[in-house]
Amino acid sequence: MRIHTLRREQLLDGTPAEVFPFFADAHNLEAITPPLLRFTVITPRPIPMQVGTLIEYRLRVHGLPVRWQTLIQEWTPGERFVDVQLRGPYALWHHTHVFEAFGTGRTRMTDTVRYAVGFGAAGELAHRLFVARDVAAIFDHRAKVIGPLMRAA
C-alpha cells in the first residue's frame, strides 16, 4: 500500500488561541468542505472534542454515498490535533493540524494528510487519475473559505 502526503500551510488572522475554536467545532467542516461532496456531520451536537472522540460523517464521492468515521487521536487545544479515519473511503487517512503563532496576531495553520487508497494497482491508478486531484481540491476550497468564514463568525 503506497502512502501519499498532502501538506498545506495557510496564514490566518488571529492568535492560535483565537483561531483554534473554529476548528474545534466539528460542524464547521460542513462549511469548509466543497458543496459538491454534500458533506454532513451526523454526530449530534455538541461534540466534546478530546482524545477518543468519534465523529460520523456522510458525503458523496463522485456521486456515491460514503459514511466516514474519524477518531480524534491527539488533542492539544491551541496547538494541534490529529484525526484518523476508522471507516471511510481510504485505506489510510491520518490528518495532522498544527497551529503556530506567526508574527503579531497571526497563525500559521499547517495541514498534513497522509493517506492511502488501497486496492493495489487499481487504487494507484485511481490516485493518479482523480484521487490526488480530489484531495487537493478539497484543501484548495478550504484555503479560499476559511478566512472569510472565520471573519464572519
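The values are calculated or read from the model by the stated rules, or taken from the named source; none is laboratory data. Every value quoted in this text rests on a predicted model; they were computed, and no experiment measured them. Cβ atoms come from the backbone with ideal geometry, glycine included; neighbour counts cover every protein chain shown.
Worth pointing out:
- Matching residues in segment 16-47 - criterion: being over 15 Å from residue 150 (Cβ atoms) and touching a Lys or Arg at 6+ places or on another chain (Cβ under 7 Å): 37, 38, 40, 42
- You will find that of 84, 51, the residue that is closer than 16 Å to residue 97 by Cα and not in a loop (DSSP other than H, G, I, E, B) is 84 and no other.
- On inspection, residue 113 fails the criterion of being hydrophobic (A, V, I, L, M, F, W, C) and touching a helix residue (DSSP H, G or I) at 6+ places or on another chain (Cβ under 6 Å).
- Segment 50-96, subset of a type in the set (Lys, Arg) and at pLDDT 95 or above, residue surrounded by the most Cβ atoms within 10 Å (Cβ to Cβ): 80
- Residues being assigned to a loop (DSSP other than H, G, I, E, B), over 18 Å from residue 22 (Cα atoms) and among the aliphatic types (A, V, I, L, M) - total across segment 32-48: 1
- Considered as a group, the residues in segment 96-138 that are of a type in the set (A, V, I, L, M) and outside any helix (DSSP H, G or I) include one that is farthest from residue 15 (Cα to Cα), and that residue is 117.
- Residue selected from segment 62-81 under the condition in contact (Cβ under 8 Å) with a residue 12 or more places away in the chain and outside any strand (DSSP E or B), by the criterion farthest from the chain's Cα centre (by Cα): 62
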